[in-house]
Each structure stands twice: as C-alpha cells, then as structure tokens.
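I have placed the structure first, in the form of structure tokens, so that the comments after it can refer back to it.
The values are calculated or read from the model by the stated rules, or taken from the named source; none is laboratory data. What you are looking at is a predicted structure, and each value in this text was computed from that prediction instead of being measured. Cβ: placed from backbone, ideal geometry, glycine included. Neighbour counts: every protein chain shown. Ligands, DNA and RNA are excluded from the accessible area calculation, which covers all protein heavy atoms including side chains. Shrake-Rupley method; radii C 1.70, N 1.55, O 1.52, S 1.80 Å.
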Amino acid sequence: MLKVEQIDLFEVLEKMVEQQVTATSTPLPIEPISVSSAPKIPDIHHLHPPRMPIFYRCVDAISWPWHFATSLFGLGVWVNVYTVTRAFGGRENGGWCYLNYECEHAKQVGIWEAETLRQYWEKQYLVSHKWGDLYSKSGGQDVVVLIEKRRAASRTRCKPQFEESAAHLFPYSLVQ
C-alpha cells in the first residue's frame, strides 16, 4: 500500500527564506589588514548634509509644529526602507563616488513597535532587494532600514558638493 505524506507549503517556503537569510548573513572570515591600507567607509550619520537652499531651510523651520502634530504628538516615528547604490560624484581629484539613498517604503508607527517592524523589514528587504557588492567594480545594491522622525529623512535629494575630505572616504580608485 502506498503511503502519501502531506506537507505544508507555507512551512516549506518559510524554511527556504530562512536558508536564504542565513546564507546571506553568514559572516566571511576576516583577514587581518593594516589600518593604513583599509578603506574608510563613511558613516552617514556623522557626515555633513549637503547645503540646502535657504527656501527649504525656512520651510523646515516653519513646519516643525506640523511634524510634531502628525507624529502622534511625539510618540510616532517613521520606519523607512532605503536602497543604497553607488553614484559617480565627479572627476575632481581623480574621481569620487557617493552613496545614493532612495526610500522604497515608509510607515508611521508608534515608538513601542518601531524596532520590531524595522527588524522584520530588514529581513524581508535583504532577501528581495540586496544584490552584488556595493564597493566592488561591478556594483550592487544594499538595503538599510532606519527609524527616523520624518518620512524619508535620509533620502539623497541632490548630489553632494565635492570636499577634499569626502574624496578620501570613498575614492573612485578603490572601485576600479
């Protein structure tokens, strides 16, 4: 007599997604390198933002009561999903690149559930939107999920101005 076993399709799909996430999040062995030869990766939270025109700065200054009222009186935050790509900044000083942040998805939630949603979206979007290596010659795309006070606050609005210090953070010659 033939015995037939019934499987749950959703459990199989969940296991496949877990395997993909663990395969992409498996740390690579770290080779010791000297500090002088290691490229410096910019931290987006400590870089100076590009200079905005005075009109936009005035609008931001005037609109803070609106942001406060629409953020559930200070108890609401935005969970934003960004895709990060590399863009060519210019040919100054041998060429330089910058990281371009595009907002893919945003949702306003209470501060008590923001971290849970951030972790959930990070797992989901890493599987579906991350590809390649952002710092290699062939390029790629990375995914960043941030908790912010405004919708798409870290989105790249314009090409940053060339600064001598910025060219040393992510030089174009590393990519070639």
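Here are the numbers for this structure:
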item	result
Accessible-area value, Y120, 1.4 Å probe, nucleic acids and ligands omitted, Å²	120 Å²
Ordering of 143-152, 14-23 by burial proxy (mean other Cβ atoms within 10 Å per residue, highest first)	143-152, 14-23
Label-to-label distance, nm, for residues given as V21 and C158 (7 Å Cα→Cβ offset)	4.0 nm
Under the Karplus curve 6.51 cos²θ - 1.76 cosθ + 1.60, θ = phi - 60°, whole-Hz ³J(HN,Hα) for the range 132-145, x wherever Gly or Pro sits	x, 10, 4, 9, 9, 5, 6, x, x, 9, 10, 10, 10, 10
Built amide H within the under 5 Å cut-off of E104, gap 5+	V81, Y82, T83
When each of K107/K137; K137/K159; K123/K149 is checked by Cα-Cα distance, pairs over 26 Å	K107/K137
F88 accessible area, assembled protein chains, probe 1.4 Å, Å²	90 Å²
Probe 1.4 Å - accessible area at D142, Å² to nearest ten	50 Å²
Net charge of neighbours whose Cβ lies under 11 Å from the Cβ of N80, counting Lys and Arg as +1 and Asp and Glu as -1	+3
Spin-label model distance (nm) - K149 vs N93, 7 Å beyond Cα toward Cβ	3.1 nm
